[in-house]
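The next block holds one structure in the form of structure tokens; read it before the comments.
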Amino acid sequence: MMQDPLANAVIFRKYAVTLRESVYEQIQWGIDALGATDLWEAKASPLSFVYKPTGQKILFRGLDKAKKTKSIKVSHGYFKYLWFEELDEFAGIEEIRTVQQSVLRGGSKFVVFKSFNPPITNANWANQYVNEPRADALRHKSDYTTVPREWLGQQFIDDAEHLKETNLKAYQHEYLGIPVGLGTNIFEFLEIRKITDEEIKGFDRIYQGVDWGFYPDAYAFTRMYYNHNQEKIYIFDEHYCHKQSNSKTGQWILDKGYDDYTIICDSAEPKSVVDYRDMEIPAREVIKGPGSVEYGMKWLQCRYIVIDPERTPNVYREFINYEFEVDANGEVMSNYPDKDNHTVDSVRYAMSPLFDRRGKGNHA
């Protein structure tokens, strides 16, 4: 800001009462560390810092209602910098977007900071948000092992090492910032990363599945590769939609050239399977029977599943959010929820030849 006379900044936390002893003190520390204390005026009501030579401001706001940000203005320049501290405390990405749309105006370049300690569950919206690919964003992760020890003190280090020895899962979350889950995650072995074109070129055995849907249920097609040696599934394409006819989804498959391998479909709609066959798409019904859902789900749970959020955003969303439900007494229910699992079912159908206990599944 001191190098750009038009730049102002505004810093948000969810609750205004938390501002003074957190971000306000942090900015004061930063000003002092730069040796610029005499150039900045600290104000307590409202909380702000003013750069004396130009009148530029750093403002602090609580966000009890995001629409209140429409009234934030500065008399000189624009808000170049926007910081959301403890991102996961906010109501969700819609609330964040409302603020950004109100604040980020009138300038040629903006810088937005979003900082937080990752919540324990992958299903939290903030954990999902930072995993979504975005070309104009930089994601940085740090923990106590990546900063100078003198910043923390020996007691902090000792406490961390003690927890590591006594409760590894708690240590991984509290000190390393890993979303270790609450024990309700159905899929524990998810590898969230980019799947490269070079990797896909080497996939020599493809599996495909379809879960029929129209509205409100979604239609879900998934395409994947299975590495037998590593027992790892790579899901690298999807088609997820509402209110599309069989002819339209079938044409998408043909246009993509995905009629090269059998597509195993939900047997609840045999007519839809016939529609695909009439289009010369190699579709067949999945073999179902007593306990087939439970057996197939347990088989998937024991495999590593690689998901690329950019290639398959709906697969990513459903798999990381798919959790066992909890009853009124807080007890985890053992049955698999039958909701928001269209891509999950599609993958299960596709992989069914590998775990069909009756030995009738073949994939050609």
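Where a number appears in this text, it was derived from the coordinates with a stated rule and is not lab data. Quick caveat: nothing in here was measured; it's all calculated off a predicted structure. Here the Cβ is made from the backbone with ideal geometry for all residues, glycine too, and neighbour counts use every protein chain on show.
Restricting attention to the range 190-354, the count of lysine pairs at 8 or more positions apart or across chains with alpha carbons under 28 Å apart stands at 25.
GNM on the chain, alpha-carbon springs under 10 angstrom: the most fluctuating residue among Ala218, Ala16, Ala283 is Ala16. Note on the chain: with charges restricted to the Cβ of Lys and Arg (+1) and Asp and Glu (-1), its dipole about the Cα centre is near 1200 debye.
Counting Cα-Cα pairs of the range 190-354 in 5 Å increments starting at 0 gives whole-percent bin shares of 2, 8, 18, 23, 20, 16, 9, 3, 1, 1, 0.
The H on the amide N of Asp237, modeled in the peptide plane, is under 5 Å from the matching H of Arg223, each at least 5 residues off or on a different chain.
Exposure proxy for Cys265, Cys241, Cys302: other Cβ atoms within 10 Å of each Cβ, ordered fewest to most, give Cys302, Cys241, Cys265.
How high is the relative contact order of the chain? Use alpha-carbon pairs under 8 Å, at least six apart in sequence, and give a whole percent. Here the relative contact order equals 14 percent.
Lys-Lys pairs in the range 1-92 that are eight or more residues apart or on separate chains and whose Cα atoms lie under 25 Å of each other come to 29. On the principal axes of its alpha carbon atoms, the chain extends 79, 50, 45 Å, with the longest extent given first.
Loop-located GluC sites (Glu not before Pro) in the range 67-174 (DSSP state not H, G, I, E or B) with no more than 14 neighbouring Cβ atoms inside 10 Å do not occur.
Arrange the following residues from fewest to most other Cβ atoms within 10 Å of their Cβ: Trp83, Trp252, Trp151. Mind showing how you got there, number by number?
Working: Trp83 20, Trp252 14, Trp151 8.
Fewest-to-most ranking of Trp83, Trp252, Trp151: Trp151, Trp252, Trp83.
Think of it as helices only: each DSSP H run of n ≥ 4 in the chain is worth -39500 (n - 2.57), and spread over all residues that comes to -8000 deg cm²/dmol at 222 nm.
Residue exposure proxy: Lys201, Lys14, Lys57, ordered by other Cβ atoms within 10 angstrom of their Cβ from fewest to most, comes out as Lys201, Lys14, Lys57. Taken one residue at a time, the phi angles of the range 31-46 give Karplus couplings (6.51, -1.76, 1.60, θ = phi - 60°) of 4, 5, 5, 7, x, 10, 4, 5, 8, 10, 9, 8, 10, 9, 9, x Hz. Gly and Pro are set to x. The reciprocal of the average 1/r between distinct C-alpha atoms defines the Kirkwood hydrodynamic radius, which for the range 74-138 equals 13.1 Å.
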